[in-house]
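To keep things clear, I will list the structure first and then write my remarks on it.
The values are calculated or read from the model by the stated rules, or taken from the named source; none is laboratory data. Quick caveat, the model's predicted, so the values are computed rather than measured. Methodologically, a virtual Cβ is constructed for each residue, glycine included, from the backbone with ideal geometry; neighbour enumeration extends over all protein chains shown.
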């Protein structure tokens, strides 16, 4: 395995652990409950077609948010390494 693949696996694992830690917080539980209530409200307030459209929209928003999360996490990691090198902490 080349160094880029290993680096990507390493970053993916760190992100996965961070997400797992977040999902064990009270903040996540509150947000999850709110999303579940919104979904129930959509089911009761919207027609089937509108509900399906809203579900597709929410899924797309969550997917884009996840991709943004990955990008920002990787960029933050790179910026941290750059900063530590600049400060002389890393060679």
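Looking only at residues that are under 26 Å from residue 81 (Cβ atoms) and not in a helix (DSSP H, G or I) in segment 1-60, which one is modelled with the highest pLDDT?
Taking the candidates together, the pick is 2.
State whether one or more residues within segment 71-85 are surrounded by 12 or more Cβ atoms within 10 Å (Cβ to Cβ), without any contact (Cβ under 8 Å) to a residue 12 or more places away in the chain, part of a helix (DSSP H, G or I) and in contact with a helix residue (DSSP H, G or I) (Cβ under 7 Å, 6 or more places away or on another chain).
no
On the given criteria, is residue 89 in a loop (DSSP other than H, G, I, E, B) and closer than 30 Å to residue 9 by Cα?
yes
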